[in-house]
Amino acid sequence: MGDNENATEDGTRHRLEDDWQTRLEGLLEDTDYDAELGLEMAQDARRVTAGELTEAEFYDRYHEAVVAEFGKDDRPLERPDDGRDAGTGSRFGVDEESRRDVMRMVGAGAGAVGLSAWAATADDDPTPSAAEAADAPEGDDEGTQWGMVLDLEQCDGCLSCVVACAEEHNWERGANWMYVLDYEDSASDGHNRLIRPCQHCTDAPCEKVCPTTARHTRDSDGLVLTDYDVCIGCRYCQVACPYGVNYFQWDDPGVSADELEDDHVYDARGRPVGSRAPRGVMEKCTFCATRQDGTKGEEFVGRTACEDACPPEAIQFGDMNDPESDTRRYLEDPEVARVRAQNPPEDELQEAIDVLSGETDPAEDGDDGLTEREARALVRAEAGTAESTFRLLEDIGTDPNIVYIGDEPGADAHQVDGPIDYDEVGHVDNRKTVLDQGTVRLDLPD
């Protein structure tokens, strides 16, 4: 996929070169807003999520600079408690190593993703099992928190989710709100796959750097959304996001506003957060926010377009705080969930599902029916095992609301061709194929 221009000599963790730094600075400079300020705020926003800087300190540090640049500072942050209206106005230069750290994180933000930027490190805790992930508390367990479970071991790379998302939201070619990529690395055996929608982080750094509150978390369900009427297109959110999910609408959209349905654009609060963005505005995956408001009918609440389109049911969407949701139930026993999704014709497999799901008591020995051990063996023979889960960049404190089942990318992960090319389904995996200027892309070693 790439031309190897940014690969390290030893083939290990990806490092960004000077041309990449220049390219990213150009991304912000194209907006006519202060590029240096955007890079500094992105660095410190990540320090806030990591617990190294308080929200009040972050607000205070950049308040005067934000007001000077944008005429206001509406960032949804805790304010200093000393009664001051203005911050110190200090501008902290970004040294070269810190700048490269920022660039490296943003390097994950691409049509083709810098996989090593998402790699597990040697210091990471052992990955929990799916059952442990299901039992782990989600947020404060109060109210709805929409999220996903993505079973990478079931994803077949068909790109149906990408096509369905584009059809639902009318985004431009290359502005992939949903992205599927195949990769290889030495951390796991053979071919692997990663699905990348927005992570809808509970502590989203993109929200912390937005000067207008266009990027915000919806109180009712934890979705991280963009108010298209408020967004000014500064692209600071794009620099601050470590997952690379933000896209800038460079030109007039191919689908005009007159062709969009109001109840798909405006959510229950009356804010325009759905469908493709207008020109000059940021956009990203919304977890089909207006669906969750019931605009398509109650039967679509708790469902997304990508989930509906996924043939192997590798995408599970639901309330991460509800033990009875599709997401939590899938995590409780992914092996059973996989077989159940296949609608197995074999009576013995159905009996195994019933035993493992508690609908039928297991036999004490094989003469009286299936024992629990026999049932588990049958299910695993059909569906494989699901031994580990992870969240992307969990150690940086963003608290993403997506749990992955499968292997986490390693330090030398590199993208390879998948079973279906994007052009076969009418899309591209690199927006620069469509635009001279567009979403940042990180070239990967071949």
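This ranking places ARG391, ARG215 by how few other beta-carbon atoms lie within 10 Å of each, fewest first, which gives ARG391, ARG215.
Among the GluC sites (Glu not before Pro) within segment 329-418, those in coil by DSSP and having at most 12 neighbouring Cβ atoms inside 10 Å are GLU346, GLU359, GLU364. Subtracting the Cα-Cα distance of VAL67 and ARG173 from their residue separation scaled by 0.36 nm leaves 34.6 nm. Charge dipole (Cα centre; +1 on Lys/Arg Cβ, -1 on Asp/Glu Cβ; no other charges) of segment 331-381 amounts to roughly 440 debye. For ASN343 and ALA377, what does the FRET efficiency come to when R0 = 30 Å and r is the distance between their Cβ atoms, rounded to the nearest 0.05? So the FRET efficiency works out to roughly 0.90. The stretch between GLU52 and ASP395, if pulled fully straight at 0.36 nm per residue, gains 122.2 nm over its current Cα-Cα span.
Throughout, read-outs are computed from the coordinates displayed, never taken from laboratory work. These numbers come from a predicted model, not from an experiment. Cβ atoms come from the backbone with ideal geometry, glycine included; neighbour counts cover every protein chain shown.
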